[in-house]
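Asks: Here it is, the structure, as structure tokens.
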Amino acid sequence: MRTNTKISILILLILTIIGCQNSVKKVPMLIKKDFGKWEKENDSLGVELGHAGFDNWIDLLNRTGSIACNDSIPKITLKTDNQIKTVYFRNPCWENFACILIKEKNTIKIHNDSIGKYHEDLYPLDSLTSILRRDIKNNGKNPMLSDSPEKLLIYISYDKNGFENLPNTLNKLTQSYELITNKTDINIWLDEKLDTPPPPPPPKELGEI
């Protein structure tokens, strides 16, 4: 009788332990990735933009420039269930430069939800991976595309208001870049979209003056 009682207690104890193990929630391991950060840069140089706290795109750009001019690097941190992704922006401090010469062919511009090269029509954001791959894999073969992956610069801009989709765009952009290159050294600038002025009218003939 005593033996049966011990066996019953032992079985009950085992079932209790199994039940406790099953009830413990498994905490997913968070993967941390940095995009646009140079190898030797210190994490302390990064300053969070806090993009959700800005009323319009121009204010966000002004804050980006202010961070760059204080010898820091503007960044945005994106969080999902299993990943923390930090995107660093390479915007220069314009107070230190009169201008920076960048070849148009070495740029890809994302405005709102459209992608464009200087010589082409706009593409939807769903075309991002194919557009990126075309420039990254070009290596100077097509003179209208990027000279090399290291020279490729991606501009992101929005209208004055309505940049709520910025985190989604950054997520897609970094995912596509890593998929193509297996690297995280992407070069992104936050930019102001400037409308191209119309061409000047043709000169008048002497008889029209």
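The values are calculated or read from the model by the stated rules, or taken from the named source; none is laboratory data. Everything numeric here is computed off the predicted structure, so don't read it as measured data. A quick note on method: Cβ atoms are made from the backbone with ideal geometry, for glycine too, and the neighbour counts reach across all protein chains shown. Ligands, DNA and RNA are stripped out before the accessible areas are found, and what is left, the full protein with its side chains, is counted by its heavy atoms. Shrake-Rupley method; radii C 1.70, N 1.55, O 1.52, S 1.80 Å.
Asks: How many percent of the accessible area of segment 98-186 is carbon or sulfur, using a 1.4 Å probe? Numbers along the way, then the final one.
Replies: Working: 2360 of 4700 Å².
The value for segment 98-186 is 50 percent carbon and sulfur by accessible area.
Asks: Still on this structure: Using the structure shown, select from 33/79; 37/141; 137/183 the pairs with a Cα to Cα distance greater than 18 angstrom.
Replies: 37/141
Asks: Leaving out ligands and nucleic acids, and using a 1.4 Å probe, what accessible area per residue does segment 69-141 come to in Å²?
Replies: 57 Å²
Asks: Tally Lys and Arg at +1 and Asp and Glu at -1 over the other residues with C-beta under 11 Å from the C-beta of residue 73: what net charge comes out?
Replies: -2
Asks: Between residue 111 and residue 147, what FRET efficiency follows from the Cβ-Cβ distance if R0 is 25 Å, with the result rounded to 0.05?
Replies: On the way: r = 23 Å, r/R0 = 0.92.
After rounding to 0.05, the efficiency reads 0.60.
Asks: If the chain between residue 38 and residue 118 were fully stretched, how many nm would it gain, using 0.36 nm times the residue separation less the Cα-Cα distance? Write down the numbers at each step before the final one.
Replies: Details: separation 80, 0.36 × 80 = 28.80 nm, distance 2.76 nm.
That works out to 26.0 nm of additional length.
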